[in-house]
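Peer 1: Following this message is one structure expressed as structure tokens.
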Amino acid sequence: MAKVVHLTSVHDRHDVRIYDKQLMTISKFYETKLIVADGLGYSNGDIEIIDVGKPANRFLRIFCSTWLVFLYAFKERASIYQFHDPELMAVGLLLKGLGFKVVYDMHENTDLQILEKLWLPVWIRRPMSYSFSLFEKVCCRFYDAILVPQYKMVDKYSLEGKTVPILNFPKTRSSSSPELKSSRFEIIYSGSMSDARGFRNMLYTMEHLVQLDDRYNLNLAGRLSSEQRLQIENSIACDNIKILGYLSRDALYRVYSECSIGLILFNNVGQYGMAYALKLFEYMENSLTIILPDFGDWVDFNEENEVGICVDTTNTAKIASEIVSLADDVIVNIGKKNRSLLLDKFNWDSEGNKLLDLYGGMNR
């Protein structure tokens, strides 16, 4: 049986895209291993996980963990290596130079993300973004395949001629009935939180919302910074915001089962005009009505699929008013349609088959 090894120095070992979808799909047909740098140790469950140890800081992660990942990867002598972090691009080049098949799974538009990195001085972001983009395009010419989670990214890397869209559709599981959930007043946001991803937009929306109807609650499922927690504590909506932290998949889906509305209030910066975010499809899978941006691909996606309401994500008073004005039967009907649409059109099976086809072609 051919061996496939996935590499990450940044992502969680149980990252949904890497572990739950890709590795669990290919493990039925390949000897499959995952090399991580999280400090949680070796594991030999459904997938063998090799841990190179957690670095103490970002500098050590980039300059030490990267090379430890390479050394452990090289020991495996795999048929195919797939890496998931831009800081492993040099590792990919080394493995390719040693004669191995290499796939780069590009989770994000990193050059655009650099422009939003608050820990970088403003003056350096644009030249760093440009330099990274050039380096990435050169590296991509040497890899055997490039995987992207958005159709728009296929166009961006079309010159490479080997880009495959593996979209963030969910692996479907049973969920609550799409009848009106335990309360129309339970709202959720799941995922990473930042101002670019709409943290302040959600906070200000809740401040308007509780003044219109104090029965509404916002469930925040994801990691918050100490500064974000302080902003919530000082908000008039504090009592109506539930800080849930990072949740396991099972725990997250239990919260989904109690909610009726999902928020995506990204700002129009960087890559956030692209619509195929994992949370969008998880909301659909769990029969939620979705409040989503009125810019970029989101508009076309909603016009085609009618998954919810497009809003100006900075006009938080109007967003609150739109939510209050949603009738119960509208929430129920959109939720029903969203789950049905996801099961028919946006499920992981098609994407998993594309990945298996790619590997099969590389092993011929």
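The values are calculated or read from the model by the stated rules, or taken from the named source; none is laboratory data. These numbers come from a predicted model, not from an experiment. Here Cβ is always computed from backbone atoms with ideal geometry, including for glycine, and neighbour counts include all displayed protein chains. Ligands, DNA and RNA are excluded from the accessible area calculation, which covers all protein heavy atoms including side chains. Shrake-Rupley method; radii C 1.70, N 1.55, O 1.52, S 1.80 Å.
Peer 1: Let me check the size of the chain from its C-alpha atoms; what are the radius of gyration and Dmax in Å?
Peer 2: In Å, with Rg to one decimal and Dmax whole: 21.1, 63.
Peer 1: In addition: GNM on the chain, C-alpha springs below 10 Å: top fluctuator among G45, G352, G308?
Peer 2: Most flexible of the set in this elastic network: G45.
Peer 1: Turning to a different aspect of this structure: Can you give me the % of accessible surface on the chain that is carbon or sulfur? Probe 1.4 Å, all protein chains present, nothing else counted.
Peer 2: Summing carbon and sulfur atoms, their accessible area is 53 percent of the total for the chain.
Peer 1: Further question: Using the reciprocal of the averaged 1/r over all distinct C-alpha pairs, how large is the Kirkwood radius of the stretch 1-125 in Å?
Peer 2: 15.1
Peer 1: Sticking with this one: Quick one: angle between helix 328-345 and the longest Cα principal axis of the chain, in degrees between 0 and 90, rounded to 10, please.
Peer 2: For helix 328-345, the angle is close to 20 degrees.
Peer 1: Tally Lys/Arg at +1 and Asp/Glu at -1 over every other residue whose Cβ is under 11 Å from the Cβ of L265; what's the total?
Peer 2: Neighbourhood net charge equals -1.
Peer 1: Right, another one. Can you tell me the equivalent ellipsoid semi-axes for the stretch 223-364? Use √(5λ) from the Cα gyration tensor, largest first, whole Å. List each step's numbers first, then the result.
Peer 2: Values: eigenvalues 170, 79, 57 Å².
For the stretch 223-364, the semi-axes come out at 29, 20, 17 Å.
Peer 1: How large is the accessible surface per residue of the stretch 37-139, computed with a 1.4 Å probe and reported in Å² as a whole number? Don't jump to the answer; show the numbers that get you there.
Peer 2: On the way: 5360 Å² over 103 residues.
Accessible surface, normalised per residue, equals 52 Å².
Peer 1: Per-residue ellipticity at 222 nm for the chain, helices alone: DSSP H runs ≥ 4 residues times -39500 (n - 2.57), over residue total, nearest 500 deg cm²/dmol?
Peer 2: -11500 deg cm²/dmol
Peer 1: Let me ask another. Give or take rounding to whole Å, what are the principal axis extents of the alpha carbon atoms in the stretch 97-163, in descending order?
Peer 2: The Cα atoms of the stretch 97-163 stretch 38, 29, 18 Å along their principal axes.
Peer 1: Shifting gears a bit: Just list whichever of K21/K117; K117/K337; K117/K156; K21/K156; K54/K171; K117/K137 have alpha carbons separated by over 26 Å in the model shown.
Peer 2: Table pairs above 26 Å Cα-Cα are K21/K117; K117/K337; K54/K171.
Peer 1: Select from G335, G273, G97 the residue whose mean-square fluctuation is largest in a Gaussian network model of the chain (Cα-Cα springs shorter than 10 Å).
Peer 2: G97
Peer 1: Enumerate the lysines that K242 could reach by cross-link, defined here as Cα to Cα under 19 Å, with residues fewer than 8 away along the same chain left out.
Peer 2: Excluding near neighbours in sequence, the set is K181, K279.
Peer 1: Note down, for the stretch 47-179, the three equivalent ellipsoid semi-axes (square root of 5 times each alpha carbon gyration tensor eigenvalue), biggest first, whole angstrom.
Peer 2: After diagonalising the Cα gyration tensor, the semi-axes are 24, 22, 19 Å.
Peer 1: Right, next: Counting only Cα, what are the radius of gyration and maximum Cα-Cα distance Dmax of the stretch 175-285, in Å?
Peer 2: Calculated on Cα positions, Rg and Dmax stand at 13.6, 37 Å.
Peer 1: Taking amide H positions as placed 1.01 Å from N in the peptide plane, with prolines and chain starts having none, which residues 5 or more places from N219, or on another chain, fall under 5 Å of its amide H?
Peer 2: So N219 has HN proximity to I187, I188, Y189, K242.
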